[in-house]
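Notes follow the structure.
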Amino acid sequence: MRPSAGNRSRISRLRNAIWPNRFIRLLPCPYPATPTASAPLRAALCCLSLLLSTISMAQDRSVPELAGKPEQHIRQLLGDPLSCKPTYQGTACSYEEGNTEIIYIDGRADWITFTGIENAPFTAAALGHVGLTATPPLARTPTRLLWLQHQGMEAITIHGEGDVARMIQIRAYTPK
């Protein structure tokens, strides 16, 4: 049974009011149409799913607040590092139970790696989990999404497995 034109219009208005960003409306719904799930129910589940993922994104990390900042500023945001060690690039510090690693080059946060990102899909939408705007990647393989020169970052790579993002790496300003 298809929803009436009026119901489709109300669902569309609700979705547009909650998610004004055009890219989110293009994301596939994780709830497939089945004979037991009506279209309005499926649309409601999609809306709820996107709303919950948007709320979880707001609780995640913010690359713009971290990239290029000195270590003292990062300590104010993330607390004291669990460990720091010298590397050939600079100093690598681990934060948040090892889920965030920042390599400081010339005293500034440059290479940032996030692991343990819960609820992050292996799509462009995962950029929202780190405070960046989702746009189509420059390159895509079965296990990697790549952006270059995106929102002032030199390079962004999302590594994933299946439908789940496993790691997000950001190179803020140092070329390879």
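The values are calculated or read from the model by the stated rules, or taken from the named source; none is laboratory data. Worth saying up front: this structure is predicted, and the values here are computed from it rather than measured. Neighbour counts are summed over all protein chains in view; Cβ atoms, including those assigned to glycine, are modelled from backbone coordinates with ideal geometry.
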Check on Pro64, modelled with pLDDT of 90 or more and out of contact with any helix residue (DSSP H, G or I) (no Cβ under 6 Å at 6 or more places or on another chain): yes
Of everything in region 151-162, what is surrounded by fewer than 20 Cβ atoms within 10 Å (Cβ to Cβ), touching a Leu at 6+ places or on another chain (Cβ under 9 Å) and not aliphatic (A, V, I, L, M)? Give them in sequence order. Gln151, Glu154, Thr157, His159
Flag if Gly131 is within 11 Å of the chain's Cα centre (by Cα) and on the phi > 0 side of the Ramachandran plot: yes
Of the candidates Ala139, Ala165, Ala109, Ala126, the one satisfying the condition of being exposed (fewer than 13 other Cβ atoms within 10 Å of the Cβ) and in contact with a strand residue (DSSP E or B) (Cβ under 6 Å, 6 or more places away or on another chain) is Ala139
Mind telling me which of the residues Glu101, Glu118, Glu96 ends up being within 15 Å of Arg61 (Cα to Cα) and loosely packed, with under 15 Cβ neighbours inside 10 Å? Glu118
For region 70-90, how many residues are closer than 20 Å to Gly128 by Cα and not aliphatic (A, V, I, L, M)? 0
Are there any pairs with C-beta distances below 7 angstrom linking a residue in region 142-153 that is in the same structural domain as Gly131 (by TED's automatic domain parsing) and on the phi > 0 side of the Ramachandran plot to a residue that is exposed (fewer than 13 other Cβ atoms within 10 Å of the Cβ) and assigned to a loop (DSSP other than H, G, I, E, B), with the two at least 6 apart or on different chains, and if so which? Gln151/Thr133
Test: residue in region 141-163 that is part of a loop (DSSP other than H, G, I, E, B), more than 18 Å from Leu66 (Cα to Cα) and touching a Pro at 6+ places or on another chain (Cβ under 7 Å): yes
Among the residues of region 105-121, the number that are within 22 Å of the chain's Cα centre (by Cα) and without any contact (Cβ under 8 Å) to a residue 40 or more places away in the chain is 1
